[in-house]
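Only one structure is covered here, and it is reproduced in the block below.
The values are calculated or read from the model by the stated rules, or taken from the named source; none is laboratory data. Everything numeric here is computed off the predicted structure, so don't read it as measured data. Positions of Cβ are backbone-derived with ideal geometry, glycine not excepted, and every protein chain shown enters the neighbour counts. In case anyone asks, the SASA skips ligands and DNA or RNA and just uses the protein heavy atoms, side chains included. Shrake-Rupley method; radii C 1.70, N 1.55, O 1.52, S 1.80 Å.
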Amino acid sequence: MNIDIPEGRNAIEYVWGEMVPGIGPAAANFSLSVYSHTTLGLREFEAARLRIAQINGCLFCLDWRTDRDGDKVEDGFADAVAAWRTTDVFDERTRLAAEYAERYTLDHHGLDEEFWDRMRARFSQAEIVELTMSLGSWLAFGRLNRVLGLDAMCVLPGH
């Protein structure tokens, strides 16, 4: 852990809620709104989220699975995300979401017209903006948690 947490305090609640009260709660609300207000399908949402988690190395993000009314992606989905170029279990939207996440994270300057033509053929303008905002949230906050060492302090319920 790269931040001192008072004895007996929850690291995530302390850092995100109390250390920087003018920023932390607003950031947390943005992060939560990505999950609460998305219109994206679960598979493309999770493909993008997991690809960024894989690149960031955030332990909590890698372990998390988005739940929509009891529906989650199948076991082995994370492996398919890592192999997004060749997996046979993705439709084009899911594959494109994983590709966008990777390129957004590693080579955003390389997003060329050919890529955008494929995106516009499969996603509406609103979906592209929503996915892009989600990518920004996951990249920033997953990386923040990883860099500060908070990701090892987060524990999923039941773990």
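Summary table
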read-out	value
Members of the range 43-65 that are at pLDDT 95 or above, buried (at least 24 other Cβ atoms within 10 Å of the Cβ) and not basic (Lys, Arg)	Glu44, Glu46, Ala47, Ala48, Leu50, Ile52, Ala53
Which listed residue is under 16 Å from the mean Cα position of the chain (by Cα) and on the phi > 0 side of the Ramachandran plot, from Gly136, Gly142, Gly57	Gly57
Checking Ala140 against (1) open to solvent by less than 30 Å² (accessible area, probe 1.4 Å); (2) closer than 28 Å to Glu7 by Cα; (3) of a type in the set (Gly, Ala, Ser), the condition it does not meet	(1)
Spans of helices (runs of 4 or more DSSP H) in the range 69-128 with at least 1 residues β-branched (Val, Ile, Thr) and either under 12 Å from Arg51 (Cβ atoms) or open to solvent by 60 Å² or more (accessible area, probe 1.4 Å) (or both)	77-82, 92-106
In the range 54-92, the residues that are touching a residue at least 40 places away in the same chain (Cβ under 8 Å), under 20 Å from Leu139 (Cβ atoms) and not acidic (Asp, Glu)	Ile55, Asn56, Gly57, Cys58, Leu59, Phe60, Cys61, Trp64
Candidate set from the range 2-20 (those that are under 16 Å from Arg143 (Cβ atoms) and in a loop (DSSP other than H, G, I, E, B)); member that is most open to solvent (accessible area, probe 1.4 Å)	Asn2
Leading residue by the ranking (nearest to Phe90 (Cα to Cα)) among those in the range 26-42 that are assigned to a helix (DSSP H, G or I) and open to solvent by 50 Å² or more (accessible area, probe 1.4 Å)	Tyr35
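Residue-wise test of (1) under 20 Å from Ala27 (Cα atoms); (2) hydrophobic (A, V, I, L, M, F, W, C); (3) out of contact with any Lys or Arg (no Cβ under 6 Å at 6 or more places or on another chain).
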| residue | (1), (2), (3) |
| --- | --- |
| Cys61 | yes, yes, yes |
| Asp67 | no, no, yes |
| Ala78 | no, yes, yes |
| Leu96 | no, yes, no |
| Tyr100 | no, no, yes |
| Asp112 | no, no, yes |
| Arg120 | no, no, yes |
| Ser124 | no, no, yes |
| Thr132 | yes, no, yes |
